[in-house]
1. Mind checking which residues of region 40-73 are without any contact (Cβ under 8 Å) to a residue 40 or more places away in the chain and outside any helix (DSSP H, G or I)?
2. Just to be sure, is Leu133 of a type outside the set (Gly, Ala, Ser), touching a residue at least 60 places away in the same chain (Cβ under 8 Å) and in contact with a Lys or Arg (Cβ under 9 Å, 6 or more places away or on another chain)?
3. Among the residues of region 48-63, what is the count of those that are closer than 16 Å to Cys83 by Cα and either under 22 Å from the mean Cα position of the chain (by Cα) or at pLDDT 95 or above (or both)?
4. Of the residues that sit in region 181-219 and are under 27 Å from Glu13 (Cβ atoms) and of a type in the set (A, V, I, L, M, F, W, C), which one is surrounded by the fewest Cβ atoms within 10 Å (Cβ to Cβ)?
5. Tally time: how many residues in region 1-39 are surrounded by 15 or more Cβ atoms within 10 Å (Cβ to Cβ) and free of Cβ contacts under 8 Å to residues at least 12 places away in the same chain?
6. When you look at Asp45, is it surrounded by 15 or more Cβ atoms within 10 Å (Cβ to Cβ), among the charged types (D, E, K, R) and farther than 20 Å from Cys83 by Cα, yes or no?
7. Can you say whether Leu117 is in contact (Cβ under 8 Å) with a residue 60 or more places away in the chain, assigned by TED's automatic domain parsing to the domain that holds Glu71 and within 24 Å of Val61 (Cα to Cα), as far as the supplied structure shows?
8. State whether the residues of region 145-154 include one that is touching a helix residue (DSSP H, G or I) at 6+ places or on another chain (Cβ under 8 Å) and among the small types (Gly, Ala, Ser).
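The values are calculated or read from the model by the stated rules, or taken from the named source; none is laboratory data. All figures in this text were calculated on a predicted structure; none of them were measured in a lab. Here the Cβ positions follow ideal geometry from the backbone for every residue, glycine too, while neighbour counts run over all protein chains shown.
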Amino acid sequence: MIIAAKGQPNQLEELQSLLKAYPIVPLKINELDSYDIIFDLDFDDSPEQIQHYAELERKLVIVGSVKVQLEELYAELGARPTCTIIGMNALPTFIDRPLLECCATHEIDQVVATEKLNELGLETRFVTSRVGLVTPRIVCMIINEAYYTVQEGTASREDIDLGMKLGTAYPKGPFEWSREIGLDHVYETLEALYQDTKDERYKICPLLKTEYLQSFISS
């Protein structure tokens, strides 16, 4: 079985840890037909890649789909893909987990993907296909609220991280999580959620936005 993947270095490191004994080869667009399973972990940063996958035959393609909705991409194509494509929560820190958070647009895709991933020793939980999925939606909203708390001067980042871990038994505080996920991913997920829902819960805190923008300014 040939497994190919593309993504950021930390995403690929997590995926290799998850797959353990199964080697991963770098994904090359001109060699798609030679792979059995494809992981495009940073797909939602370049969703135009869907055009390369849509007409593949008898392939399983697993794409990071936190910031995009698969149905919207298929609507732009005007057709469903001929291969099995599922989305997953591929944000950093969420890949090497006992349970993969996935989504599918059709029941048969879920069945096929579950069977093939089980062969690799991977367990899945399928959620509704929508922007943000479930876990990223919740975690990014918590991080955003933590930024509002700091902006208002109510508590320090250190106090918020400690309070969340002690008070809720979360494995990480919101600012710790933000650093490990990457503030760019947090910002872009919140922006995608707000554009999709117009829900004020996802309106980005000005302090978070400022820090995100500052990351593009050279010192």
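1. Asp40, Ser46, Ala54, Glu55, Leu56, Glu57, Arg58, Lys59, Val61, Val63 - these are the residues of region 40-73 that are without any contact (Cβ under 8 Å) to a residue 40 or more places away in the chain and outside any helix (DSSP H, G or I).
2. no
3. So in region 48-63, the residues closer than 16 Å to Cys83 by Cα come out as 49-63.
After this cut, where a residue has to be either under 22 Å from the mean Cα position of the chain (by Cα) or at pLDDT 95 or above (or both) as well, the list is 49-54, 59-63.
Within region 48-63, residues that are closer than 16 Å to Cys83 by Cα and either under 22 Å from the mean Cα position of the chain (by Cα) or at pLDDT 95 or above (or both) number 11.
4. By that ranking, first place goes to Phe216.
5. Total meeting the criteria: 1.
6. Details: surrounded by 15 or more Cβ atoms within 10 Å (Cβ to Cβ): yes; among the charged types (D, E, K, R): yes; farther than 20 Å from Cys83 by Cα: yes.
Criteria met by Asp45.
7. On the way: in contact (Cβ under 8 Å) with a residue 60 or more places away in the chain: no; assigned by TED's automatic domain parsing to the domain that holds Glu71: yes; within 24 Å of Val61 (Cα to Cα): yes.
The answer is no for Leu117.
8. Pass one, region 145-154, residues touching a helix residue (DSSP H, G or I) at 6+ places or on another chain (Cβ under 8 Å): 145-151.
Imposing the further condition that a residue be among the small types (Gly, Ala, Ser) reduces the set to 146.
Yes; the residues of region 145-154 include at least one that is touching a helix residue (DSSP H, G or I) at 6+ places or on another chain (Cβ under 8 Å) and among the small types (Gly, Ala, Ser).
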